[in-house]
Amino acid sequence: MELPRTLPSRWQRIGPVLTVTGREPRKSAPNTAIPLAFLAAVATKAPLAPSRGALRRALRGRRRSCVVRFAEEWAEPAARTGFLAFPESFVFGVATSAYQIEGAAAEGRGPSIWDTFSTAGHAKDGATGEVACDHYHLFKEDIRLMSSLKVKAYRFSISWSRLLPNGDAAEPPSEEGLRFYSELLDALLQAGIEPWVTLYHWDLPEALHAKGGWLSKEMIVKAFGDYARICFHHFGDRVKYWITLNEPWCSAVLGYNTGDHAPGYTEETDTACYVAGHHLLLAHAEAAQIYREEFAQQGGEVGISLNADWRQADSEREEDLEAARRAMEFSLGWFAEPIYLGDYPKCMRESCGDRLPSFSASEKKKLFQSSDFFGLNSYSGNMAKAPPRPFEGTGYWEDIGVEWWHTDHQWARTDMDWPVVPWSLREILLYVQDRYKPMGGIIVTENGCACEPDISAELDERPGALLPRPWDGVRRATSSDFEDPERVRFFRAHLSAVHAAIERKAQVKGYFAWSFLDNFEWAEGYGKRFGIVRVDFQTQERTIKSSGHFLARVFEANGLEAPAKEEQYPGRTF
Ligand code: PNW
């Protein structure tokens, strides 16, 4: 539903308010509503109203004798109604990754750890990426579809083992692999779509895993640098935005601790993920340095995409505030602090001691400011609460020592069971801005949801519906009659949260919707659909969902109407 372009109503113009009560400020303001913008300006010297979280942080320490409460009539998460215009240079795009969409596993590509992991039956229903969306054969059609959706930028990843089947840069890169990515880039540029290229989205060549994978420092850092150099060399004339790694937290924790993702390593749970994480960081720094030293004349940017969900302290108690800080530092800070602040978060060193590897002075130097922009992937948010008594034992989760899944049961949930908490995106963007002040700004490199209408589950129950078959070569007209209102609602709320963060001075420069297509959702197989375009995995037919049409209008208008009150989500807000 589109709102008319009305002027903001009165309460919205006043904006969010808070009441300050307590001993000291009694004179001035017991239970008095004060416009947030005014108080914020006093507290933070900022010209615009910051979020509640930022205000709370600003007031900490001065707040001994007063309690800050927020009035409930907050338009959440937009700070106002009407049309939310984004800056003119804002980058709007869609995102995918190689293993999730390409298929064509046997066409010149060497095996990756995700081939091994999924063919061993570790993904739901025995799903694998062997065929996936067959994008390898359908990329031209897919780019036409992107054009029709007014997409300005496309984030995709290169499959390392499609270029280097053994992961080894001493061997010449595969002609077939080079041709595929070259044609993909040419077709994108011809369509006026800016490529944003991820070098590593989890599909490590199996041959490198056999040599120790992410646990083997010298081997992996050099191998990744060499692979990056090949990509810069062959594609850097056309690619100006590079992302070294996608979500190293997932590679480290899901790959080398819980074992939910490839390579499914579950030994040494008190050290392996820290060791893998350390080498992921060093590999990123190596690639960034190679670009700056050898390819600076290409004039591009090299960043990294980090994932985290915002954790909001469950109460104002010091233990819960501390729990929220720890949760952020053990997720985002683990990878962001060595890059932006010079070393691992203090609380990680205190909890882990020597189990967390250390950087040498030269490694610290190489990592510091090694990212030209801050790529942020964020999908959800949650509360953080201190456990009633400290956890026993050592291991990643014990080291954090936070009730990780503490939640509000009123929040809506996606098909992944992830809470829908739009304001958490605003908060995490403000946190990143505030804490890391990233040069080049912040790009939301992924945000989206698996939330399909009931009809989808019915369709997916047909025999074979979730077992992808290669495209038969018959061209069909793309239909566009699939309604996914919950995804439209999700995107509207989250885009308005991004807008709210920008209004409060977060330097957010772009937003990529995850995902362009329904695809191989890793351990979840094909049943969890994140696409703005529906894929019939039996015929490879694409159907534009209503969320695709919605985003096309946003991309074209460079903005959107703020969510109506009745479209906003229930549950705790901040
Ligand atoms: C990201 N978690 O994955 C990835 O970058 C995408 O490839 C993926 O399809 C998308 O988000 C949706 O899941 C994540 O458990 C997987 O916290 C798991 C988590 C986070 C991100």
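Give, in nm to one decimal, the length gained when the segment between residue 368 and residue 268 is fully stretched (0.36 nm per residue of separation minus the Cα-Cα distance).
Details: separation 100, 0.36 × 100 = 36.00 nm, distance 2.88 nm.
Stretched fully, the residue 368-residue 268 segment lengthens by 33.1 nm.
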Estimated distance in nm for a label pair at residue 398 and residue 558, the labels positioned 7 Å out from Cα along Cα-to-Cβ: 5.5
Folded to 0 to 90 degrees: helix 175-190 orientation relative to the chain principal axis, Cα: 50
Leading residue at positive end of dipole, the stretch 478-566 (Cβ point charges), from 520, 563, 540: 563
Loop-located trypsin sites (Lys or Arg not before Pro) in the stretch 302-355 whose Cβ has at most 15 other Cβ within 10 Å (DSSP): 317
Computed E for residue 565/residue 317 - FRET, C-beta separation, R0 25 angstrom, nearest 0.05: 0.20
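Taking 4 °C and 1.567 mPa s as the conditions, I'd like the Stokes-Einstein D for the chain in µm²/s, using the Kirkwood hydrodynamic radius from alpha carbon pairs. If you can, show how the numbers build up before the last one.
Working: Rh = 24.5 Å.
This corresponds to a translational diffusion coefficient of 53 µm²/s.
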Within the chain: Cβ-based charge dipole about Cα centre, in debye rounded to nearest 20 (Lys, Arg +1; Asp, Glu -1): 3080
Where labels lie 7 Å past Cα in the beta-carbon direction, separation of residue 350 and residue 458 in nm: 5.6
DSSP-defined beta bridges in the chain - what % are antiparallel, rounded to 5: 30
When each of 150/505; 385/437; 240/437; 222/505 is checked by Cα-Cα distance, pairs over 32 Å: 222/505
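What length, rounded to one decimal in nm, is gained on full extension from residue 166 through to residue 233, with 0.36 nm per residue of separation minus their alpha-carbon distance?
Values: separation 67, 0.36 × 67 = 24.12 nm, distance 1.90 nm.
Stretched out fully, the residue 166 to residue 233 stretch lengthens by 22.2 nm.
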The stretch 180-246, dipole about Cα centre (Lys/Arg Cβ +1, Asp/Glu Cβ -1), debye to the nearest 20: 280
Helix axis angle, 546-557 relative to the chain longest principal axis, alpha carbon, degrees: 70
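What does the net charge come to around residue 288 if you take all other residues with beta carbon closer than 13 Å to its beta carbon, with K and R at +1 and D and E at -1?
Details: positive: 229, 292, 365, 366; negative: 286, 293, 294, 301, 363, 372.
It works out to a net charge of -2.
Taking 0.36 nm per intervening residue step and subtracting the Cα-Cα distance, what contour gain separates residue 481 from residue 124 on full extension? Don't skip to the end; give the middle numbers.
Working: separation 357, 0.36 × 357 = 128.52 nm, distance 2.82 nm.
Gain on stretching residue 481 to residue 124: 125.7 nm.
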Approximate spin-label separation residue 472-residue 217, in nm, with each point projected 7 Å along Cα-to-Cβ: 5.6
Alpha carbon centroid spacing (whole Å) that separates the stretch 518-574 from the stretch 303-374: 31
Degrees, to the nearest 10: 485-503 long Cα axis against longest axis of the chain: 60
Whether the stretch 305-354 is rounded, prolate or oblate, judged on the alpha carbon gyration tensor where a/c under 1.5 counts as rounded: oblate
Given charges at Cβ of Lys, Arg, Asp, Glu: the stretch 475-574 dipole, positive-most of 480, 502, 574: 502
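Each reported figure results from applying straightforward, stated rules to the coordinates on display, with no laboratory input. Nothing here was measured: the structure is a model prediction, and the numbers come from that model. Using ideal geometry, Cβ is built from the backbone for each residue, glycine included, and neighbour counts are taken over all protein chains shown.
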